[in-house]
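The structure appears right after this line, and notes come after that.
The values are calculated or read from the model by the stated rules, or taken from the named source; none is laboratory data. These numbers come from a predicted model, not from an experiment. We place every Cβ from the backbone using ideal geometry, glycine too, and count neighbours over all the protein chains shown.
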Amino acid sequence: MRWRPDLWVGALIMFLRRKPRSLPEAPFDYEACLLACARGDQRALRRLYEQDSSRLLGVALRIARDKALAEDIVHDAFIKIWRGAASFDPDRGSARGWVFSVTRHLALNFVRNHHREVPLGEEHDDLAAADDDAVEFSARSGQIHHCLEQLDPARRRCILHAYVDGYSQSEIAQKLDTPLGTVKAWIKRSLAALRECMA
């Protein structure tokens, strides 16, 4: 796997900025969350955002290849999830898969419908107008790439699968043919190492 900082570093930076928290005891109940959203429970949408916004941003970044566009796509995805939660059908797939597919489809549709080339000269204007977040994103891209390179390859794959591909810890364990407890420990230790390296 070739690592592309411009595609995935934003999601990881957002995650590393959050206060450290312990791994959840019970798995997140996506189906119950969507049912609550369908009933108009805004707290459920907030919980879903806290659970998966950084992973969804990683998905959108891989497709849109632009941080600002990816953020817009994730914003639109949460609006669509909120409005369409009642249409989720558990017989057709998992709730988590539905949430991620909403984001993927929006990103793919955006890329298909708005494929644009930046005219010559506008690149400089856009760079001059970049906000603090974009500047920090660019500056920290190299740093996080360096920090990820310091991790053991298996641990690095765990982090990328979790925060770029949006895989659950169980899915990572299955994909890497590694015990779930080991994957959880690798992710926890790797995040601590990344936070320390990025400090």
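Below is a table of values for the structure above.
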read-out: Leading residue by the ranking (modelled with the highest pLDDT) among those in the stretch 135-170 that are hydroxyl-bearing (Ser, Thr, Tyr) and assigned to a helix (DSSP H, G or I); value: Ser170
read-out: Residues (closer than 26 Å to Gly97 by Cβ, out of contact with any helix residue (DSSP H, G or I) (no Cβ under 6 Å at 6 or more places or on another chain) and either assigned to a helix (DSSP H, G or I) or at pLDDT below 85 (or both)) located in the stretch 171-199; value: Glu171, Gln174, Lys175, Leu176, Gly181, Thr182, Lys188, Leu191
read-out: Which listed residue, of Ala107, Ala95, is modelled with pLDDT under 90, under 14 Å from Tyr30 (Cα atoms), assigned by TED's automatic domain parsing to the domain that holds Glu31 and surrounded by 14 or more Cβ atoms within 10 Å (Cβ to Cβ); value: Ala95
